[in-house]
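First the structure, in the form of structure tokens, and then the observations on it.
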Amino acid sequence: MARLTVITGPSGVGKGTLVGQLLARHPQIWLSVSATTRAPRAGEVDGESYFFLSRERFEQQVAAGGFLEWADFAGNLYGTPRQPVEAHLAEGRPVLLEIELEGARQVRRSFPAGFQLLLKPPSFEELERRIRSRGTDSNAAIQRRLERAREELAAEQEFDAALVNGDLGEALLQLEQLMQLA
Ligand code: 5GP
């Protein structure tokens, strides 16, 4: 499999669940933990789900070159800490990044040999239903996420492959094939 895999897909497409199942079956894969200025959602643990940073701390890290990539997504900043990614790649571990479109574009420039996958919903209506049913985001945030979702889905041609996340088991098998794990 590619040493570095990027999974991108609209908010609500179910990246987290799919990636969780992938890791359970392939514990050799190391999933990067991102930093964000977004507030934690219920159940999210600092250092596991994300490193939750103030905007000031985040900007200090940007200035220090601490991120492999970073982007503004729906009003919050998100970034991939550089050092652990480089360390795991140096050890020969397969590394997985679960990031949005702008970040994927930046990583494509620095790791052109990486494998980049777009995860798609069965339909836009289904995506909207999933985002709304999460019930954690404000209406304005939901609108911003839906706008970004349209942009991400329109960028499909930039990716090495696209995968529809309808049935989870099916999507997992296809993901394993695309990552050459099966
Ligand atoms: P959420 O707020 O729903 O956890 O994430 C919002 C979006 O930010 C998702 O599309 C997620 O993939 C993306 N994201 C998470 N971490 C990073 C990161 O480190 N860099 C970038 N560019 N996007 C990220």
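The values are calculated or read from the model by the stated rules, or taken from the named source; none is laboratory data. Please read these numbers as outputs of a predicted model, since none were measured by experiment. For the accessible areas, the whole protein counts, side chains as well, though only heavy atoms, and no ligand, DNA or RNA atoms are used. Shrake-Rupley method; radii C 1.70, N 1.55, O 1.52, S 1.80 Å.
Take region 40-120 with all the other protein chains still there, run a 1.4 Å probe, and you get 50 Å² of accessible area per residue.
Carbon-plus-sulfur accessible fraction, region 4-178 (probe radius 1.4 Å, protein heavy atoms only): 49%.
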